[in-house]
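Asker: Encoded as structure tokens, here's the structure I'll be asking about.
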Amino acid sequence: MFMYYYAIHLPLALSKEFYYRSKVEIAAGARVLVSFNRKDMIGICGDRMQGPLSDKIRYKPVLEVLDEIPVLGPKLMELAGFMARYYRCSLGSACFAMLPAWLIPDIEAEVNWLAEDFPVPYQVLEPALAGGQSKRVSELRKQLKGKPVLHLVETASGQGLLKISRKLSSRDKPKTVNFVRLLEREPDLAKFPPKQKEALQLMLAIGKDEFPLAGISDTVSYSVVHALRKKGLLSITPKQVEREFFSYDSSAGPKAVDLNEEQRNAVSRISASAAGFGVDLLFGITGSGKTEVYIPLIRSCLKEGKGVIFLIPEIALTPQMVERFQGEFGSTLAISHSQLSDRQRLRQWQKIAAGECRIVIGARSAVFAPLPSLGLIIVDEEHEQSYKQDNNPRYNGRDLAVVRAGLENARIVLGSATPSLESWHNQSTGKYTLHTLNSRPLDIKLPEVRIISLQEDYNQQLLSDELIAAVSERLERKEQVILFQNRRGFSSYMQCLKCGELIKCANCDISMYYHRDREEMQCHYCGNTYPSPRKCPKCGSFSFSYGSPGTQKVEQLLQILFPQARVLRLDSDSARKQDSYKTMYRRMKDRDVDILLGTQMISKGLDFPNVTLVGIISADISLNVPDFRSAERTFQLCTQVAGRAGRADKSGEVIIQTYNPQHYAIVHAGNQDYRAFAAEELDHRRRLHYPPYYRLARILFQCADGSLLEQEMTVLEQKSLVVASAFAGNDLFLLGPAPAPFARMNNLHRWHLIFKARTPSLLKQALDQTASLYTPPKAIHAHTDVDPLSLM
Ligand code: ADP
Ligand code: ZN
Ligand code: ZN
């Protein structure tokens, strides 16, 4: 019998290829079921081989083909190939990173037949599932040997004929919400006491018979609702609802905006550039209206019948952003965010693949959206670190977006007020085309920036007199203030004043943060917590010194300094509740908050006309990180945060407090001069052989046994000398092997070897050669990060 032979990509980190045989032809990118190490496993079909490599090899058969139309089209398969080569991951991990979790059938899940009978083509399932029997998919497969069980189960489930009981993640579990149902539409309001009357009026004004109780719980107390229920005016019933991250106002229509000249120029120059692949860098200062440039570009791409991917950092995926796009594009929009359940994610993926949604907005993984025909990719805030995935596969969504646009012959626009130096360098060499927005529409001025030096402040005040005075002034004028402190918790460490004992994380050997609200010590790397000690665990003393202040400490100080002010703190501790961001947004808009205090969670996309002062409490936090990108990050952070002030008619002021007022990142941030900063920073990078002039990679070695690791690293060191000697002088620099700055994390000792190579291909050669010379023993886990954003 004629046999086909295929490489099958399995969800394993192994870089080896696995081959299987099949009686039928299989499309590349289709899901298949195979047996691997005596376990059933889903894989993605790869290239077809001409024939068996040798007669001696006994190829195992493909057990089942799940798709006629492949889940990964040819372009996405090509992209997976690129990822595997460039980021040095297996093709399997690259393929599976592109697919929603529920597209991978769970062989151990139980299924039940729901329908009365078994229509064509499901009759084969009847003997196994008739009479309400429940079976595991694996059992079904055994019982119905040779039948396309997975395919039948999946399609039947899609048609609602069959139920698959999957292990649900917490987000997939339906949520129960109390709904209020009004039983009387026209009550005689005069008969009710004032509070009940007010509540009734409010509920009638909603204009719906039924609505979630939570929607009115801010304004109406439960006792009032309860009283009205007793009087028979309303009922309260729990209902299961799908989890929704955004409850946006879907009635908002398109917004008419007259583009200013700069915006019009950017739109027409980008649309006029030759059709097909090309990268545009839209450099527009904060508040210059980059979104209004994206929208007409998206519109004209849709008009051509093509699809659009709009990448945005997760934290910038705010309700107002979504509302703007929802109003403009309605149901053709798919919004992909981390709060989606697996069920919602699958449904969305199917809609995109079917061409029902032609615009996809989402964080980095949206770069894999299966749009049938892609015309445009936009990467907003392209400098953001969150585009980089920090576990396998360690890809950068922005960079893959450029690659994907190239493969699909699409246009790509990268936008930022503070472009990454990589992109800035690319526009200066002519690889990218630059478009600039130098001003804010409607004559809104950039805020004045004042830099306050803390060097001469011997009192070590957290808030300088200048900042305190500026805040008081705003409070008096009933204007709002945003204060930014990029460190959560109360203080960065707790140390015994008598014996010097530092409270450290047992897993990571680094100091733990003190969280006063929970009276807890927490490790910000592994999340480990202990109750905070009342006395020193070593000497028993009761007095401690505390490290650098975090948001909780600032909050406490604000309450002392401005007892009359309404302070709202937003950081990942306070934001555990899903709605906290939305609540913050509404309270800020309603001017229900005087001072908003937060970490970088508040540095993006907020647009409050009444905010006239932004204070950066310590610009040094990011500056002191021992990383070659710390200046860039500090500049970005200061500029982005400063962009939150003075967005409307009122002019804004920004105060930056720092111990390093002379540092060029601070000075240029003070002048809001990106170009000057970029020029100076690029000069450093060139001299120190860092990106964008050199390509970086690091191999991180982790091991529970510190002495074994150290011993192995001396072996690696010898090999790395061999590698280095194979390259010409300036082509390659190797740093290490050396202990990583976080030398122990999660009970693992960590060493790394850093590669700096003049070109990507030299980098690849050096990594290949290292891999061929040195393989660590099993006890050491090694992974390679290409274009790493963190070297910690
Ligand atoms: P950016 O993303 O560049 O920081 P946004 O796109 O958020 O800026 O725009 C900032 C504000 O300016 C928004 O409120 C937006 O609606 C408004 N805006 C943008 N362009 C115009 C324009 N041409 N006329 C009036 N308002 C505009
Ligand atoms: Zn002590
Ligand atoms: Zn830890």
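Each value in this text was obtained by applying a stated rule to the coordinates, not by laboratory testing. Since this is a predicted model, take the numbers as computed values, not measurements. Counting neighbours? That spans all protein chains shown, and the Cβs are built from the backbone with ideal geometry, glycine included.
Asker: On a full-extension model of 0.36 nm per residue, what is the gain between Tyr525 and Ser761, subtracting their alpha-carbon distance, rounded to one decimal in nm? Spell out each step's value before the answer.
Answerer: Details: separation 236, 0.36 × 236 = 84.96 nm, distance 3.37 nm.
Result for the pair: 81.6 nm of gain on full extension.
Asker: Tally Lys/Arg at +1 and Asp/Glu at -1 over every other residue whose Cβ is under 13 Å from the Cβ of Gln143; what's the total?
Answerer: Numbers: positive: Lys135, Arg136, Arg141, Lys142, Lys145, Lys147; negative: Glu126, Glu139.
Local charge sum for Gln143: +4.
Asker: Starting from the amide H of Leu570, placed 1.01 Å from N in the peptide plane, find each other amide H under 5 Å away whose residue is 5 or more places distant or on another chain.
Answerer: Those lying under 5 Å, H to H, from Leu570 are Leu597, Gly598, Thr599.
Asker: Just check segment 679-792 against the gyration tensor rule for me: Cα atoms, a ≥ b ≥ c as the square roots of the eigenvalues, rounded for a/c under 1.5, and otherwise prolate or oblate depending on whether a/b exceeds b/c.
Answerer: Numbers: a/c = 2.35, a/b = 1.47, b/c = 1.60.
Oblate.
Asker: Provide the FRET efficiency to the nearest 0.05 for the Asp627-Lys147 pair, computing r from the beta carbons and using R0 = 56 Å. Working shown, then result.
Answerer: Values: r = 56 Å, r/R0 = 1.00.
Efficiency, rounded to the nearest 0.05: 0.50.
Asker: Let me ask something else about it. Dipole magnitude of segment 301-447 about its Cα centre, charges +1 at Lys/Arg Cβ and -1 at Asp/Glu Cβ only, in debye to the nearest 20? It would help to have the intermediate numbers written out before the result.
Answerer: Working: 17 positive and 15 negative charges, 57 e Å.
For this selection, approximately 280 debye.
Asker: At most 15 other Cβ atoms within 10 Å and a DSSP loop assignment: could you name the chymotrypsin sites (Phe, Trp or Tyr not before Pro) in segment 273-316 that fit? If you can, show how the numbers build up before the last one.
Answerer: Details: sites: Phe277, Phe283, Tyr294, Phe310; in loops: Phe277.
Counting only loop positions with at most 15 other Cβ atoms within 10 Å, the chymotrypsin sites (Phe, Trp or Tyr not before Pro) in segment 273-316 are Phe277.
Asker: In debye, nearest 20, what is the charge dipole magnitude of the chain about its Cα centre with +1 on Lys and Arg Cβ and -1 on Asp and Glu Cβ, if you could check? Each step should come with its number before you reach the end.
Answerer: Values: 100 positive and 86 negative charges, 355 e Å.
Computed about the Cα centre, the dipole is about 1700 debye.
Asker: While we're on this one: Fewest Cβ neighbours within 10 Å first, please rank Leu79, Leu789 accordingly. Walk me through the numbers before you get to the answer.
Answerer: Values: Leu79 24, Leu789 18.
By the 10 Å Cβ count, ascending: Leu789, Leu79.
Asker: Per-residue HN-Hα couplings for segment 715-731, Karplus 6.51 cos²θ - 1.76 cosθ + 1.60 at θ = phi - 60°, whole Hz, x for Gly and Pro?
Answerer: Once θ is set to phi - 60°, the couplings for segment 715-731 become 5, 4, 4, 4, 5, 5, 5, 4, 4, 4, 6, 7, 10, 5, x, 9, 6 Hz.
Asker: Still on this structure, I have one more. Using a 10 Å cut-off on Cβ atoms, rank the peptides 92-100, 38-46 from the highest mean neighbour count down. Write down the numbers at each step before the final one.
Answerer: Working: 92-100: 23.3, 38-46: 19.7.
With the highest mean Cβ count within 10 Å placed first, the list reads 92-100, 38-46.
Asker: Percent antiparallel among DSSP beta bridges with both residues in the chain, to the nearest 5? Display every interim value, and only then the final one.
Answerer: Values: 72 of 125 bridges.
For the chain, the DSSP antiparallel bridge percentage is about 60.
Asker: Then there's this: Find out how many positive minus negative residues lie around Thr529, taking Lys and Arg as positive, Asp and Glu as negative, among other residues whose Cβ is under 12 Å from that of Thr529.
Answerer: That sum, taken over residues with Cβ under 12 Å, equals -2.
Asker: Further question: Taking the beta-carbon count within 10 Å as an exposure proxy, list Glu186, Glu292, Glu304 from fewest neighbours to most. Intermediate values should be presented prior to the final figure.
Answerer: Working: Glu186 6, Glu292 21, Glu304 10.
By the 10 Å Cβ count, ascending, the order reads Glu186, Glu304, Glu292.
Asker: Further question: Could you tell me which residue out of Leu72, Val554, Ile412 lies farthest along the dipole of the chain toward its positive end? Charges go on the beta carbon: Lys and Arg +1, Asp and Glu -1, centred on the Cα centre.
Answerer: Leu72
Asker: Working from the alpha-carbon coordinates of the chain, get Rg over Rh, Rh being the Kirkwood radius. Could you put the intermediate results ahead of the total?
Answerer: On the way: Rg = 29.4 Å, Rh = 29.9 Å.
Value, to two decimals: 0.98.
Asker: Sequence-distant or interchain residues sharing an amide H contact under 5 Å with Phe18, placed H: which?
Answerer: Here the answer is Ile8, since their amide H atoms fall under 5 Å of that of Phe18.
Asker: Mind listing the long-range amide H neighbours of Asp47? Cut-off is under 5 Å, sequence gap 5 or more, other chains count too, H placed in the peptide plane at 1.01 Å from N.
Answerer: Excluding prolines and chain starts, which carry no amide H, the hits are Ala7.
Asker: Right, next: Taking segment 123-161, which trypsin sites (Lys or Arg not before Pro) meet the DSSP loop condition and have no more than 13 other C-beta atoms within 10 Å? Don't skip to the answer; put the middle values down first.
Answerer: Numbers: sites: Lys135, Arg136, Arg141, Lys142, Lys145; in loops: Lys145.
For trypsin sites (Lys or Arg not before Pro) across segment 123-161 that sit outside H, G, I, E and B with at most 13 neighbouring Cβ atoms in 10 Å, the list reads Lys145.
Asker: Excluding residues fewer than 8 places away in the same chain, name every one of the lysines whose C-alpha is closer than 28 Å to that of Lys498.
Answerer: Partners within reach: Lys535, Lys538, Lys553.
Asker: About the Cα centre, and with charges only on the beta carbon of Lys, Arg (+1) and Asp, Glu (-1), how big is the dipole of segment 622-714? Nearest 20 debye, please. Provide the component values of the computation, followed by the final result.
Answerer: Numbers: 11 positive and 11 negative charges, 77 e Å.
Using Cβ point charges on Lys, Arg, Asp and Glu, segment 622-714 gives about 380 debye.
Asker: While we're looking at this one, here's another question. Going by a ≥ b ≥ c, the root eigenvalues of the Cα gyration tensor, does segment 102-163 fall in the rounded group (a/c under 1.5), the prolate group (a/b larger than b/c) or the oblate group?
Answerer: rounded
Asker: Work out the charge dipole of the chain with +1 on the Cβ of Lys and Arg and -1 on the Cβ of Asp and Glu about the Cα centre, then indicate which of Thr436, Gly132, Pro212 is farthest towards its positive end.
Answerer: Ranked along the dipole, the leading option is Gly132.
Asker: Another question about this same structure. Could you check the spin-label model distance between Asn178 and Leu561? Points 7 Å from the Cα along Cα→Cβ, value in nm.
Answerer: About 4.1 nm separates the two model spin labels.
Asker: Return, in residue-number order, each cysteine of the chain whose C-beta is not under 4.7 Å from any other cysteine's C-beta.
Answerer: Cys45, Cys89, Cys95, Cys301, Cys357, Cys526, Cys638, Cys703
Asker: Also: How much net charge surrounds Ile236 when only other residues with a Cβ under 12 Å from its Cβ are counted (Lys, Arg +1; Asp, Glu -1)? Mind showing how you got there, number by number?
Answerer: On the way: positive: Arg181, Arg229, Lys230, Lys239; negative: Glu210.
Within the 12 Å Cβ shell, the charges total +3.
Asker: Within 10 Å of each candidate Cβ there may be at most 16 other Cβ atoms; applying that plus a DSSP loop requirement, which chymotrypsin sites (Phe, Trp or Tyr not before Pro) in segment 635-728 survive?
Answerer: Values: sites: Phe635, Tyr659, Tyr664, Tyr674, Phe677, Tyr693, Tyr694, Phe701, Phe727; in loops: Tyr659, Tyr693, Tyr694, Phe727.
Loop-located and lightly packed - Tyr659, Tyr693.
Asker: I want to make sure I understand the PRE zone here: with the label point 7 angstrom from the Cα of Ala738 toward its beta carbon, which residues in segment 665-709 have backbone N atoms less than 11 Å away?
Answerer: none
Asker: Would you calculate a helix-derived [θ] at 222 nm for the chain, using -39,500 (n - 2.57) for each DSSP H run of n ≥ 4 and dividing by the full residue count, to the nearest 500? Each step should come with its number before you reach the end.
Answerer: Details: 22 runs with 238 residues, N = 792.
The helix contribution divided over the chain gives -9000 deg cm²/dmol.
Asker: Only counting other Cβ atoms within 10 Å, I'd like Ile26, Ile206, Ile444 sorted with the fewest neighbours first.
Answerer: Taking fewest neighbouring Cβ atoms as first place, the list is Ile206, Ile444, Ile26.
Asker: Of Leu99, Thr759, Met512, which is farthest along the charge dipole of the chain in the positive direction, counting Lys and Arg as +1 and Asp and Glu as -1 at C-beta?
Answerer: Farthest towards the positive pole: Leu99.
Asker: For segment 11-98, what percent of Cα pairs sit more than 23 Å apart? Let's see the in-between values first.
Answerer: Details: 782 of 3828 pairs.
The proportion of pairs with Cα distances above 23 Å equals 20 percent.
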